[in-house]
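What follows draws every value from the coordinates through simple rules; no lab data is involved. The shown structure was predicted, so the numbers you read here are calculated from the model rather than taken from an experiment. Neighbour counts run over all protein chains shown; Cβ positions are idealised from the backbone, glycine included.
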Amino acid sequence: MAVFTKYSKSRFKFSLFCFVIVLCSHGVLCQWPGSFSRKQVRIFEGTVSESLHNIMPYEPFDYTEPNISQGYGSSSKFSSRGMGHLYYFTNLFINNILKDQAYPEGILQVVDGNTIQLSDVRKEWAVYWRHYGPTLAVILSLTLLGLLMPVFGLLFCCCRCTGRCSARTAPFDKRYDFCRRHSYGMLLLCITVLISFGVVCSFVTNENLEEGTHNLARELRTGLHDVDLYVNNTKVEVNHLLINNFNEFDKSITKILKASGEIVKNKLGSVSKATVLTNLTNIVHGLAAIRNDLKEIDSLTRSLQTTAEQLDIALKDFRRTLLEKLNQCKSQQACRTLMTKYNIKDLSLEANFTRLPNVTASLQNVSELISSDIEHEVLKGKQAFENIKLEIQRSVDEHIPEIKDFIGKIGGRLDSGARDMNQMLDRFHQVLAGEGGRTIDHGDSLLRQYGHYRYYVGLGVSFILLTVLMCLSLGLLCGFCGSRPDSGYSDDCCNKGSGASFLMLGVWVMFIASAALAFVTLIYFITGVSAERVICEPLKHPGDSRIFSLVDQILDPSALYGDGQETTSHHVVQGSLTSSGRGGDVRYQLFGGEGGKRQTEREGEGKTLTVSEIVRSCHKNASLFNVLQLRHVAPLAELMTFPKDNNLREYIQKMTKSMKINYNIKILTPEATEQLLRLSLSPLSDIDFPAYTHILGERITSIDLLKLSAALNETLEKLPSSQNDLKLALRNMVMYLKVHHETQVMGMLDLSKRLEASAILLSEHLKFNHTSLRAAVDHLLLEVEDAQKMLDQDGPNIVAKLGSEFGSEFEKHVDHYVSRVINHLEFDVGKCWPLSLVYNATLTSGCSKILSPYNGFWFAAGCVLLLFIPAIFISVRLASLYQKLEPYPGPEEEYLYDAYAASGPRDNIPLGNVGGKKKKHRNKAPSHAAGGDAYGGPDALNPDYSAHLGRNERQRLQAASGSTPGASGSGADPRFNDMAPKNWDFPNNGPPRYQQSTPLSTEYERPPPYYYPGPPK
């Protein structure tokens, strides 16, 4: 029997597919990009380097990464707000009455690809019963409960009106009523506590449901915005990978081709050790700096020596004069102390600056070499070696157009592929934004228009349950804490009688509201369980869902690619390249075309794209290429063989074979060799540089002139005034010392520092990473000689090998770029975690925030509804116990009450006869025995309005047991006579006279009979 007709429009198919794509990943946030293995080697990240270090030896290019936004607003966070246990038990109950599938296996089948056929119910009734039996049992139970509870309530009301069903009770407790009252009270208290949980759950779930429906449209719009952002980011990734990165690759490849001569030349120099020419060039180029250093050292040395001679002469004159003056004052203690402390005779120059190395000869030799143009002679050989670069570059430039044309073909294919994917993403975005936005707006308007009715229904149910809870709670509170009821007007307002009234009020509310509660619970149950099994459960577990299997059979996601004319006209850009390497013309279509489709059918026959497969792929955080299985329309394996199939290797071989050089290269002329030998034999290598450190590190004078001048000042201050001429002479000598120290000694110290620094700098310039200049030049000359021999003997073979290596590594760059494109398309572009985030957020919004409170509401209300049944029985029984006026009086009076009640018709039926055998014949007592007349006697004139509560029963019993004088002598036990004083006498059985009202007093309590054993012995 067909229940699902054929789709009339393919647009509906595509819209449904787009919606499924939005909900295509669940629970994969822990799997971020980069957690999967790669088939190809990944490249370094960064910007394209400007140096030529990427070839010989080979190093991958550095490509820039796309700048994409991560501002996704969807969130899958959910707070149950204390209802987690309720949701758990609700789901446990649903799983017990209905298995995890919406329908049994084999019940629904897809016929002709678009029609769902239902199996015959009459033949498969056993299967239906096993699957849906428990659910139907719950529905039937709720229906019967809703129908029978009002009927039972009506029958109970009629029973109460007839005085039965605990409507009238004995005025005092029976023997075990005390235990019954407490037992029933504790049972009802437990049931009330359970009902209170249900009431709280009903209020909270109703509010959570209202909040979830209120925020649903906003959260769905946020999900649409995130999907829009994901589509834009994917387009950015596609364009960056296929266009921007290709431009970077093209620029780097072009740079390598234009620098191929320099690359091969440098590698040739490294292999043949001809790079020593660079070191020789650096040496001869540094001769100018060496000459400047020598000039500086020679000038400083001469200045230092001249100043030292002047200072030495001045110190000799000063020493002679000072000794003469001090000899004049030998009699003074101060002069003797000065001569003892300072040995004036030894005052002289300490450092011998005449022993400094003489660099004049070295300076003259270097100047001659420079003037003989040694640098130019050495540069001739280097220039001859540099010409290799020009020869190789000219041969490579002839083949650059062919290689550039091939690179351009790759760029055209990639640009076409980028347009294909952008058109596909644009189509997906247009349908999703249009249909999805309109659907959300329409649903939001319906929720705003009718959603509040559902809220008020739930609120009404919650308040009904709260009313029952309040009645039971107040009844228990008054019953536990209140006193017994009283027949007088001094009774407390919150005694046990009030508790009985509250309990009975709760009973009537339960009877009256049960039908409405059962009806609402039934509607919530049917819709909630159906939504859980048909919508939420398949979305949470799509791999094992029969609903998804139906969707897979009906929905064809390949409509995303298009077919036939639609594919060609809308989003497939075809391109073909001719290949002679496979024996014919082969069509290479990166993102569509018949050739790619046939290749896909051969490679992956039997593999079809389904909605469940899309969801499972997104569960694994796969890329867009793997999620949509674009290998069906984009045979990446053919793209990998694209360089080989289009004769790239032949182009490169032609280019490398054309790399030829002039083998008669002289990398160093004889003139240059002769001048380098002269440089090696020059005195530059014989300069004693440690002498500068040793000599310049000594003191300039043997005695510190400043200290000596201070000592002279101290001495002349101690001389007596009779030697003023001597003191004046000493003061002049102090000034003389200070002048020499500031002008000559300090100047010499500055010259020494400068000279030492220049000597150190010259020493470094002359080493050239060797111990000396002579060792460096000799070593480099030997290496140049070896390089020249290698170039003369093995030059052709070396160049051919280097050319082949250059071509091989150039081809590696092309292959690596193609593999990088394939690798990123297959594993990186369009990572599915944003769609997973939207999927999880949508599930949270629809299932966790709406359906979970929805199911929790009917589960709480249904549990409370079931608790009504024991609550009614216990409340009725407990209310009758709360109405008792007196405690248990003893067995005699209980027996008397039962006997009296059985002797004639009474308004109140003693509890002792409840449950006993009904007597078909009752003894009719004479009217005067009851103390009445034709109008009912005194009781008829003064009726007891509380008789239905069992009150004033004691007076009736006493009247029946012999309140008249004749009755007292009939053998009745006098201890049972009421000893309370009377306010009237009625010898003629007349009505009592009117008595003046007296203040109310407490009820007289007759003391129990006492046993007096006699006086103590």
Positive-pole candidate from His740, Leu791, Leu751, dipole of region 734-797, charges at beta carbon: His740
With r defined as the distance between the Cβ atoms of Ser69 and His541 and R0 fixed at 45 Å, what FRET efficiency is calculated, to the nearest 0.05? 0.90
Zone of Val534 (label point 7 Å along Cα→Cβ, backbone N under 20 Å): which residues in region 849-870? 849-859
Relative contact order computed over region 207-349 (Cα-Cα under 8 Å; 6+ residues apart), in percent: 16
Do any trypsin sites (Lys or Arg not before Pro) in region 695-750 lie in a DSSP loop with no more than 14 other beta carbon atoms within 10 Å, and if so, which? Arg699
Kindly state, to the nearest 0.05, the FRET efficiency for Ala137 paired with Val457, given R0 = 25 Å and r defined as their beta-carbon distance. 0.50
What is the distance, in nm, between label points placed 7 Å from the Cα along the Cα-to-Cβ direction at Glu714 and at Cys493? 11.3
Most positive-pole-ward Cα, Ser348, Thr360, Gln332, against dipole of region 323-369 from beta carbon charges: Gln332
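Starting from the Cα-Cα distance between Lys738 and Asp100, subtract it from 0.36 nm times their residue separation and give me the gain in nm to one decimal.
218.8 nm
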Which parts of region 314-333 would a label at Asn724 reach, counting a residue when its backbone N lies under 17 Å from a point 7 Å out along Cα-to-Cβ? none
Sort the following peptides by mean Cβ neighbour count (other Cβ atoms within 10 Å, averaged over residues), highest first: 867-880, 394-407. 867-880, 394-407
Stretched fully, the stretch from Met790 through Lys345 gains (0.36 nm per residue minus C-alpha distance, one decimal, in nm) 153.0 nm
Cα-projected label distance for Glu398 with His285, points at 7 Å along beta-carbon direction, nm: 3.3
State the extension gain, in nm to one decimal, for the chain segment bounded by Leu148 and Lys409, taking 0.36 nm per residue of separation less the distance between their alpha-carbons. 85.7 nm
